[in-house]
Structure formats: structure tokens, C-alpha cells
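Below is one structure, written out as C-alpha cells; comments come after it.
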Amino acid sequence: MKQLRKTEWRRGYPIKKNLALCAWGMLALAGFAGILARPENIPSLAACVLALAGAVLTLPRLLRYYRTTYQSLPALNRRFTKEEQEELIEQENFETITELKTESMRWTDFAESVHWLRINGRYVPKELVILGGAEVTYSVMNRDTTPLIFLYATGDMVKIDLGVQVSVQKIRELNAYLWSCYHIFPGRTDRKKADELSSIFRVIYTEYLKEKEPRKESRVLADLIEDAGELRKKCIERMPSYLKKVDEKAWWNEKTRKKMQQWKKDRENTS
């Protein structure tokens, strides 16, 4: 079985798809059958109408979810065919990132290959990520899980739930690792500014695609996953200055320094 399919089954995505379809079918059937039965009291009729309306309103979202080929390849699953997605991952050899599997994250899936990160069953292309990292969450009941949010050079924003609540100190260490090893800017910005930055990156990416015509977008993206230096440079130049400022002393430590050196050697050997 191919790597992507294995990951999908481990995360239970095929089962979730079928459960969502069954739930929608029951909702639609209950509403339709209830109306045909012509209930005499108003509350019963209203409940049937609401059930049918709910089924109609959720149908587009259900279809989008059901047609998504691989949930474990967020954003890019809309830009590649099923076969192309499998080809991207199949030849990659993933190794566990032991430096990150400590404390609350000891059971979280962290692995990497030459071109990809695998985080909690989601695949992220190293070269395409410009900005991102883990974010602190607050909950009165202390039950919130920590999200990892990445902004791609394509303008896509990807959110990955780590499945556990991570301490502020571990969040800093994780973001330091992402910056030191993969040059992912750990900047923080509110939702409005993040959307604006996403729009800017999307425009830059669209212009980049026009320069590469008449090549297929999937082919251009496949090349970018291996080397996106030119596109990254254009995106970083358009980033606000405050997001480019990274305190090296605050973000650097011995483990990440050694990891960065090894990563550079591996890249030199494969180039």
C-alpha cells in the first residue's frame, strides 16, 4: 500500500468520509420521509423541514469533503491529481524527528524526508512554507489542543492540530526548530493581516505561474517542492519588515544548530 494511503487509513479519513455520508443520508431521508408522512402537528412538520433544509445546505460542503482525494496532503490535494499526489510522496523516506518528541509531544507524529515534513499525519512541503509555527491557545477548562499554522508561498494557509496542548516553552522550542532548520519565519500576525499576506503571496504565485507557461501548474509545483528559492525570495521581499525580524539568540540552541548543519550537508549531497 502506498505511503499516502497508509497515512489516510491510520488517521481514519476513509472511515470519516463514509460516516459523514451516512449521517447526511439519514438527515435527508428523515426530513423527506417526514414531510411525505404529512405530520399533523406543527412542531413535527417544522422539524422535518429543518432536517431537509439542513441536508440541502450541507450538501456542497459534503461533496467537497468527499471528493478530496487525500486529506493528509492539505492545500496541495486541490492542485494535484490522486496519482500525482501519490507520486510526490511514494519515493520519500521519512525519519522520525526525535528532538521534537518530548514531554506532551512524545506521541505526536513528527517525521521528515528530503522535501517533506510529516506532522500528525499531514504532509507539508518544506520549500513552500514561508511563515508559521505553533500558536498558544487559551481555555478555561485547559482542554484546547495546540495548532500549527503554515502559510505557503502559493498563498494557501494550512492548519494542523497537534492533538495535545503544548506548553508555551515547548511552543517556543518547536518554532525555534522550524526557523533554524527550515527557515520558516516564526512571525505572529492577526487573522486580518494573515489573510492580506496570503492574498499577496497568491498574486506573486499567480505571476510566477504565468512566467512558466505553458507548463501545467502541477509540474511547476512539483519543481517548487524540490527548490522554491526564486519564489520564496519574492514572497519574503513583500513581507512586512516586522515579520522578517528574528532574534537569533532567542531562537537558536545547540540542538537546532547541529540539525541545521546536518540538513545543509544532506542537501549538498542530494544536489
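The values are calculated or read from the model by the stated rules, or taken from the named source; none is laboratory data. Source: prediction; values computed, not measured. Every residue, glycine as well, gets a Cβ built from its backbone with ideal geometry; the counts of neighbours run over all protein chains shown. Just the protein is used for accessible areas: all its heavy atoms, side chains included, with ligands, DNA and RNA removed. Shrake-Rupley method; radii C 1.70, N 1.55, O 1.52, S 1.80 Å.
Kindly indicate which of Gly155, Gly187, Gly163 is in a loop (DSSP other than H, G, I, E, B) and surrounded by fewer than 18 Cβ atoms within 10 Å (Cβ to Cβ).
Values: Gly155 fails: surrounded by fewer than 18 Cβ atoms within 10 Å (Cβ to Cβ); Gly187 fails: surrounded by fewer than 18 Cβ atoms within 10 Å (Cβ to Cβ).
The unique qualifying residue is Gly163.
Of all residues in the range 197-211, those that are β-branched (Val, Ile, Thr) have Cβ atoms under 6 Å from Cβ atoms of residues that are part of a helix (DSSP H, G or I), 6 or more apart or on another chain, in Ile200/Arg238; Ile204/Lys234; Ile204/Cys235. Only helices (runs of 4 or more DSSP H) whose full extent lies in the range 195-271 are considered here, and the ones with at least 1 residues that are of a type in the set (Asp, Glu), over 16 Å from Leu151 (Cα atoms) and at pLDDT below 75 are 248-251, 254-270.
Against the condition open to solvent by 60 Å² or more (accessible area, probe 1.4 Å), over 30 Å from Glu127 (Cα atoms) and assigned to a helix (DSSP H, G or I), how does Leu27 come out, does it pass? Please lay out each step first, then the result.
Details: open to solvent by 60 Å² or more (accessible area, probe 1.4 Å): yes; over 30 Å from Glu127 (Cα atoms): yes; assigned to a helix (DSSP H, G or I): yes.
In short, yes.
Only one entry in Pro147, Pro125 is touching a helix residue (DSSP H, G or I) at 6+ places or on another chain (Cβ under 7 Å), under 24 Å from Met239 (Cα atoms) and surrounded by 13 or more Cβ atoms within 10 Å (Cβ to Cβ), namely Pro125.
Is it fair to say Glu8 is of a type in the set (Asp, Glu) and open to solvent by less than 40 Å² (accessible area, probe 1.4 Å)? In short, yes. Picking from Leu88, Leu57, Leu62, which residue would you name as being loosely packed, with under 12 Cβ neighbours inside 10 Å and either over 30 Å from Ile171 (Cβ atoms) or at pLDDT 85 or above (or both)? Being loosely packed, with under 12 Cβ neighbours inside 10 Å and either over 30 Å from Ile171 (Cβ atoms) or at pLDDT 85 or above (or both) holds for just one of Leu88, Leu57, Leu62, which is Leu57.
Please indicate, with yes or no, whether at least one residue in the range 200-218 is in contact with a Pro (Cβ under 9 Å, 6 or more places away or on another chain) and among the aromatic types (Phe, Trp, Tyr). Outline the logic, then answer.
At the first step, the residues of the range 200-218 found to be in contact with a Pro (Cβ under 9 Å, 6 or more places away or on another chain) are none.
No, every residue in the range 200-218 fails to be in contact with a Pro (Cβ under 9 Å, 6 or more places away or on another chain) and among the aromatic types (Phe, Trp, Tyr).
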